[in-house]
Amino acid sequence: MLKPIKTYTIEEAKRALERYCVYQDRCHQEVRKKLLEMRMIPDAIDIVIGHLIEHNFLNEERFAKAYVRGKFNHKSWGKQRIVRELKQRQISAYNIKTALLEISEEEYISTFNTLSRKRIQQLSKEKDKYKKRKKLADYLLYRGWEGDWVYEKAKELVP
């Protein structure tokens, strides 16, 4: 027996998405995807998103700032990776620029140095200095740190 497909009225969708946005800051793209999963029609999606923006459940600047703080503080991502991920979520250049101001320059440099030293200690078993440099550089680049910083630090830590 087939399970009937759940349908939502606009009011039900508004309430469901309010809860979705209150739980965690969301970007427009995530909300639109959620509404599509709920099988809402395009006109209804626009109405619900308009309602969420109007009542401040959905705010891309707030989302971008929270995203930047979270990824930097908890995952130690560099600005390159953060910007790439925000662009993938179709966040405006203005909001990305504003959000990046959440990271202080001193904290950014300090995190980079700490992460580099920590990774080089993990690579202590590697004897070939070129392999060691490459592994360190790959690790830092994957995390989105600036290339010139990465290569300079690799040369400094693996003489």
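The set of residues from the range 126-159 being hydroxyl-bearing (Ser, Thr, Tyr) and either under 23 Å from Arg84 (Cα atoms) or part of a loop (DSSP other than H, G, I, E, B) (or both) comprises Tyr139, Tyr142, Tyr151. Every condition in (1) in contact with a helix residue (DSSP H, G or I) (Cβ under 9 Å, 6 or more places away or on another chain); (2) closer than 30 Å to Thr7 by Cα; (3) not in a loop (DSSP other than H, G, I, E, B) holds for Leu58 except the one numbered (3).
Reported count of residues in the range 92-110, each being out of contact with any Asp or Glu (no Cβ under 8 Å at 6 or more places or on another chain), under 28 Å from Gln29 (Cα atoms) and β-branched (Val, Ile, Thr), is 2.
Taking the range 65-125 and the helices (runs of 4 or more DSSP H) fully enclosed by it, the elements with 1 or more residues that are more than 25 Å from Lys155 (Cβ to Cβ) and of a type in the set (Ser, Thr, Tyr) are at 93-100. All of (1) surrounded by fewer than 19 Cβ atoms within 10 Å (Cβ to Cβ); (2) more than 30 Å from Lys6 (Cβ to Cβ) hold for His51 with one exception: (2). Against the list (1) of a type in the set (Lys, Arg); (2) surrounded by 15 or more Cβ atoms within 10 Å (Cβ to Cβ); (3) within 24 Å of Arg19 (Cα to Cα), the condition Arg69 fails is (2). Candidates are the residues of the range 6-48 that are assigned to a loop (DSSP other than H, G, I, E, B) and hydrophobic (A, V, I, L, M, F, W, C); the one that is surrounded by the fewest Cβ atoms within 10 Å (Cβ to Cβ) is Ile41.
The set of residues in the range 96-138 being closer than 24 Å to Phe63 by Cα and either hydroxyl-bearing (Ser, Thr, Tyr) or over 24 Å from the mean Cα position of the chain (by Cα) (or both) consists of Thr98, Ser104, Tyr108, Thr111. Within the set Val48, Val22, Val83, the sole residue that is out of contact with any Phe, Trp or Tyr (no Cβ under 9 Å at 6 or more places or on another chain) and farther than 15 Å from Gly144 by Cβ turns out to be Val48.
When Lys79, Lys71, Lys118, Lys65 are checked against the criterion of being basic (Lys, Arg) and farther than 16 Å from Arg143 by Cα, a single residue qualifies: Lys65. Taking the listed residues Lys97, Lys6, Lys79, the one that is modelled with pLDDT under 95 and basic (Lys, Arg) is Lys6, with no other qualifying.
Yes/no matrix, rows are residues, columns are (1) in contact (Cβ under 8 Å) with a residue 40 or more places away in the chain; (2) at negative phi:
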site: Asn56; (1), (2): no, no
site: Arg62; (1), (2): no, yes
site: Lys79; (1), (2): yes, yes
site: Gln90; (1), (2): yes, no
site: Leu100; (1), (2): no, yes
site: Glu105; (1), (2): no, yes
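Determine whether Ile41 is more than 26 Å from Glu61 (Cα to Cα), of a type in the set (A, V, I, L, M, F, W, C) and modelled with pLDDT under 95. Spelling it out, Ile41 is indeed more than 26 Å from Glu61 (Cα to Cα), of a type in the set (A, V, I, L, M, F, W, C) and modelled with pLDDT under 95.
The values are calculated or read from the model by the stated rules, or taken from the named source; none is laboratory data. Not measured: the values here are computed from a predicted model. Methodologically, a virtual Cβ is constructed for each residue, glycine included, from the backbone with ideal geometry; neighbour enumeration extends over all protein chains shown.
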